[in-house]
Structure formats: structure tokens, C-alpha cells
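Each reported figure results from applying straightforward, stated rules to the coordinates on display, with no laboratory input. This one's a predicted model, so the numbers in the text were calculated from it and none came from an experiment. Please note: Cβ atoms are built from the backbone with ideal geometry, for glycine as well, and neighbour counts cover all protein chains shown.
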2 protein chains.
Amino acid sequence: MARADLARQTCTIARAVSLVGDEWTFMILREMFLGGRRFDDFQRQTGASAALLSQRLKKLEAEGVIRKEAYSERPVRFEYRMTAMGRELWPAVITLKQWGDKWLGDGPAPVEIVHKSCGHVTEPQMTCSECGEPMAAHDAEPRLSEPFDTERQAMRKNS
Amino acid sequence: MARADLARQTCTIARAVSLVGDEWTFMILREMFLGGRRFDDFQRQTGASAALLSQRLKKLEAEGVIRKEAYSERPVRFEYRMTAMGRELWPAVITLKQWGDKWLGDGPAPVEIVHKSCGHVTEPQMTCSECGEPMAAHDAEPRLSEPFDTERQAMRKNS
DNA sequence: AGGGTCACTTCAGTTTCTGAATTGACTAAC
DNA sequence: GTTAGTCAATTCAGAAACTGAAGTGACCCT
């Protein structure tokens, strides 16, 4: 199966991955959450080639994750900003940061997160929406909904 | 800059991304969190080609995210399991699932998460480790540590 | 007039990925 | 005791994606 076909699966993880689950898209998102808005920023801070960057920004814009806005007429110059949809990718990026800090870092974390409303440096964590306790993989049991379960069983059989 | 060079950056997001931030790696992780362990499961449920799968599993094993274990001698057969390092990628996968469910889904979510200890279907959320309140992008202010900040300023200047 | 900025586009060469076939060490069925 | 099947791969040619460098167009600044 080609990468692009992930978008047509029932699984919403597959769909999300086909939209934002690649190396350079994550780098662009990181940059935006650090305040980057311009093509140039992205190019310098992420190291992506201009061609790639242009292609990815177009895709993200087409899917509604970011939006392009002129910040100057004459000359016409654009910058990119996140939509509500894009902003909600923050947990995905932060989560990778935490993991990277813990398992791949070799000193203090290069970026700290300050929680504006309480003023503290924070290490955001996943908690259960129902009981409020922190959650990890072993606390979670996935339950497949019926139609999706059937789809997966089918894959198990044929071939 | 080539994708592989991301691993050599100071930024721990870049490092994490170079290790697990690609389409098929996410699909493998999804599959493992749904209980998949064997080469065959991965192939069928993710749709990745055998060559790719083999390469990715090797990389993840080499980096310590998963481990390979024989589940049968004669014939020697292997399965893959997560290490502690791998298990801690759960929030990253869940976070993408939540986002996909909300923005890319077209019905009820194909997978629900049950919080074992409280028994409820849950929608895990990011909360501040200090005050316990839910957090989103606008509540967070990134603060660059000194050496990293300097590194980024430098990038801003030279071309 | 000459140089610089910014957001790209173009393109040749390289790398990575896909799909299909094949391998090797077995087991299970006829 | 051949034949078929299972499983975890590997091999390979063709296709797709990415890189790095150069170029473009609409300006501005001196």
C-alpha cells in the first residue's frame, strides 16, 4: 500500500498520520508552536528544502491545518498561521518533545513549557477525562467499534 | 538538510521525529498498541511492504523502542514487543487519534479507550503537571534554554 | 543601476519506497 | 515422503519522493 492510501482508511490514526505524520510536517509544526510564521523561518530553522516546504505548506493549507495570510501588499508577502485545527496538534508535538527529552536528550531540555495561567514550568501529562488520573499505555484498553473490528478481522483473513 | 540529520540536532523534537516521526513507524506503533506483535500482523493491518517493515523494525529495535523475541524455537519465529521506551510513545499515538477523531472522522470513533482503573471510556487529555488543569496551545509559552536559543539565533543570521 | 529580500519554482541527480517474487526453516496433510 | 502451507524475512526493478543548487518575479533601499 502506498503512503497516500492511509488517508482513505477508516482508522483515524491512519488519516491523521497521512496528513501530518511525516518528518518535515512535524518540524514545521514545531516551528509554528515556537512562533515561526514565514517561509524563511521554516527553511532556516527546520532545514527543509524550499521545494519540500512549499509542497507541505500547500498540503497543510488545503487540508485546513494552517492558513496563508498576506502580511504585506507591495510586495505581496505571505505568512502562515495555524487554524483551530492546527492548534489542536499541540499535544501531539508536546508529547513527542517530552518523549525526546526523556529518552533522547543529553542534558536539560532545550525548551521548557510555561503554563501561562498558573505561571509554572510544566511537564504536560495525559490524564483520564473521567477520573483525572494520569494515564499510560498499561492503563488503557482499546475497544474496537463493531464495523471497524469487522474490517480488521477481514484483513486478518485474506492473505 | 537530509531527514537523517534531524537526529543530530539539539532539539529533542527533531531527534524524536527522526526516530519515530514517519508514516509507517506510526502505523507500526498503532498496531502494537492494539496488540499486534508479529511481522505478519503488521504487514496486513498497516499495509506496509515487507521490505519497509523489516527495515523499520530493525531501526526501532536498534534504538531500543521495541525488542525482538523468539516465541518459538523450531522453527525459530520472532515477535516484537515494546520496551519501556516504546510504551511511553502511547501518548503520542493517542494524541493523534484524538485529533483524527475530531477533525478527520466521519462518524463515531473506530476505537474507544477504556481506562482500566476507573472503568470508563475516556478521552485522555493533556493537563498541567503543576496545577492539573487541561492545557492547550494558547496556555503554553515555550521558553528556550540559553545554549539552544543561541543556536537558533545563529541559524537566523547565516543565510 | 546595482544589490538585497522574500516566497517561491524548476530541474537533474540521489534516495527511498512499492509490489511482486523468492528463500529457508520448518510443520501438517495426504 | 512428496506436496502444500506458515512465517519472517530478502532481493530487485521500476516508481515516487527528496535534495541542493540555481533561477524567477515583485518589489525596496542606496
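Some values worked out for this structure:
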quantity	calculated
Cβ-vector label at 7 Å, residue B:76, separations to other copies in nm	6.3
Integer Hz, Karplus 6.51/-1.76/1.60 couplings in order for segment A:60-70, x for Gly and Pro	5, 5, 4, 8, x, 7, 10, 9, 9, 9, 6
Using a 7 Å Cα-to-Cβ projection, residue B:35 label spacings across copies, nm, ascending	4.8
Neighbouring partner chain Cβ atoms per residue of B:68-76, average, 10 Å criterion	0
GNM result for chain A, Cα springs below 10 Å: residue of A:59, A:116, A:97 fluctuating most strongly	A:116
Per-residue HN-Hα couplings for segment A:136-152 [Karplus 6.51, -1.76, 1.60; θ = phi - 60°; Hz; x = Gly/Pro]	9, 3, 6, 8, 10, 10, x, 10, 7, 6, 3, x, 6, 4, 4, 4, 6
Kirkwood Rh and Cα Rg combined as Rg over Rh, evaluated for chain A	1.02
Share of alpha-carbon pairs per 5 Å distance bin for segment B:89-159, given as whole %	3, 11, 14, 16, 16, 12, 10, 8, 6, 4, 1, 0
Dipole moment magnitude, nearest 20 debye, the protein assembly as shown about Cα centre, only Lys, Arg, Asp, Glu C-beta charged	1100
Contact order relative to length of segment B:89-159, as percent, for alpha carbon pairs under 8 angstrom and 6 or more apart	13
Copies compared at residue A:146 - label distances in nm, ascending, label defined 7 Å from Cα in the Cβ direction	6.3
Length-normalised contact order for chain A - Cα pairs under 8 Å, 6+ apart - percent	12
Positive-end residue of B:2, B:26, B:83, charge dipole of segment B:1-86 with Cβ unit charges	B:83
Within 10 Å of each Cβ in B:144-153, the average number of Cβ atoms from other chains	3
Stretch gain in nm, segment residue A:150-residue A:76, where the contour uses 0.36 nm per residue and the Cα spacing is subtracted	21.4 nm
With 10 Å bins from 0: P(r) over segment B:1-86, alpha-carbon pairs, percent	17, 49, 27, 7, 1
Most to least packed among A:1-12, A:61-72, A:21-32 [average Cβ atoms within 10 Å]	A:21-32, A:1-12, A:61-72
Bins of 10 Å from zero: percent of alpha-carbon pairs in the protein assembly as shown	5, 25, 35, 24, 8, 2, 0, 0
Those lysines that a straight Cα-Cα span of less than 27 Å connects to residue B:102, excepting residues fewer than 8 apart in one chain	A:58, A:59, A:68, A:97, A:116, B:116
Leading residue at positive end of dipole, segment A:89-159 (Cβ point charges), from A:110, A:99, A:150	A:150
Net charge dipole size for segment B:89-159 [Lys, Arg +1 and Asp, Glu -1 on Cβ; Debye, nearest 20]	260
